[in-house]
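Here the structure is laid out as structure tokens; the discussion comes afterwards.
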Amino acid sequence: MVDGLLQVEGGRPLNGEITVRGAKNLVPKAMVAALLGTTPSVLHNVPLIRDVDVVSGLLSLHGVSVDYDQAEGVLRLDPSRVESAHMADIDAHAGSSRIPILFCGPLLHRLGEAFIPDLGGCRIGDRPIDFHLDILRAFGATVDKQPQGIRLTAPDGLRGTVIDLPYPSVGATEQTLLTAVRAEGLTELRGAAVEPEIMDLVDVLQKMGAIISVDTDRTIHVEGVDELVGYNHRALPDRIETASWASAALATHGDVFVHGAHQSDMTTFLNIFRKVGGAFDVREDGIRFYHPGGDLKSIVVETNVHPGFMTDWQQPLVVALTQAEGLSIVHETVYENRFGFTGALRKMGATIQVYRECLGGTACRFGQRNFYHSAVISGPTPLHGADIVVPDLRGGFSHLIAALAAEGTSHVEGVNLIDRGYEHFMSKLAALDADVTRLA
Ligand code: EPZ
């Protein structure tokens, strides 16, 4: 069954205005946080994306009433009747997202038990959850791996602990925060992720009554409290979607104004965007990204945890780099297998070679193992239309950008995957004067 098929007539600049709403990598976590409150929560700037549906479904299964006003982007959550969900029902949501793993702490606090289905998420690496399970055990939970998922119990409650993260994992940091805020006593998390989405989750939890501090050395301290109440919060804008549209503007010689974009979340991206030859204007209500004319310049870029260049920014940028003069190098240090999308770009005429070595930067975790995690892009190469299949969320959007930049007709299959993280992307493409038709 074709999971969404588009016909794209490429070679036209994207010109116009779009609006980006709340960050896909914050909103579902703030929804889970509402479980910890004894009173209702309200979340603003919520986009209509698949991950919000998935978490709404899981919350409803546990007795949380969820009301979403799509037009307003307002989500109302009432956790006052939380109860255990039936395992078969939860299993129905298996494989659709990684967010369920973050239900563990809140459900253990509320119910003393939790069942988590097998996780989904993009196939961009092994995506282990060993950090998560070690963290939950450190708080005092018992973890029992079963055929359909993981069953956890904490009959004696959860107690604050000291956690040393081997890598600044976003998910593991969220796991710790969502568990520590109601655990008994103090928790110290060393080597934490400090992405803007993490700091927004800290704001949400602090509004609920939590006591959290973040030190300059990535150590987070949490004092457990006896009760948390509902929050009223406006989610920060999606800096990944914003960067995707910015790269699309560059790759198609276009001019795109992104309503809602925040400069401060995107400093490193904006520096790279400018070094490649893109131009941007920061305004009160968003950022204008455009190709100012002239040649794009090749660069060396290494992905890293915040405040470095985000791993989710590299796929859309690589498409623009196929149009830059000379050799660009991208060293992906966060995920081991995040260049799968380059196969389709080569099919469209790009010259991209991937390597096992750590190229262009410092040695990373993947250097001595068998992962093709560095790419060299030689440009400029004219791209021509082709029939391509979407591999994952961010790679899929990059395929769309490539099809929009290529001369001629492309068919892009599997685009329903893009709905997971890009709200109304078809109407946004129409607003940007793209010639795209949905065939299935
Ligand atoms: C979050 O994934 C985001 N997803 C990702 O965005 C993002 O790329 C990533 O953080 C890094 O910023 C969501 O927030 C839903 P990690 P997460 O734990 O939390 C290793 C997108 O398209 N690791 O920071 O799963 C892991 O293998 C997605 O929006 C372990 O080894 O990422 C990876 O190498 C893609 N064991 C590294 O840490 C663990 O238990 C970073 O992963 C957990 C992680």
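Throughout, read-outs are computed from the coordinates displayed, never taken from laboratory work. Please read all numbers here as calculations on a predicted model, not as lab measurements. So basically every Cβ, Gly included, is an ideal-geometry build from the backbone, and we count neighbours across all protein chains shown.
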Checklist entry - Okay, helix-only estimate at 222 nm for the chain: each DSSP H run of n ≥ 4 adds -39500 (n - 2.57), divide by all residues, round to 500 deg cm²/dmol; what do you get? => result -8000 deg cm²/dmol
Item to check | Gaussian network model of the chain, springs between alpha carbon atoms under 10 Å - residue of Asp156, Asp200, Asp255 with greatest fluctuation | outcome: Asp156
Checklist entry - Longest span of the chain, sites excluded, free of GluC sites (Glu not before Pro) in DSSP loop with at most 12 other C-beta atoms within 10 Å? => result 285-440
Checklist entry - Structure shown: which of Lys24/Lys207; Lys24/Lys428; Lys297/Lys347; Lys29/Lys347 lie over 28 Å apart, alpha-carbon to alpha-carbon? => result Lys29/Lys347
Checklist entry - Over the C-alpha atoms of the chain, what are the Rg and the largest Cα-to-Cα span, Dmax, in Å? => result 21.7, 66
Checklist entry - Which FRET efficiency value, to the nearest 0.05, is calculated for His44 and Asn416 with the Förster distance at 22 angstrom and r the Cβ-Cβ distance? => result 0.25
Item to check | Pairwise Cα inverse-distance average, inverted: Kirkwood Rh of segment 4-107 (Å) | outcome: 15.2
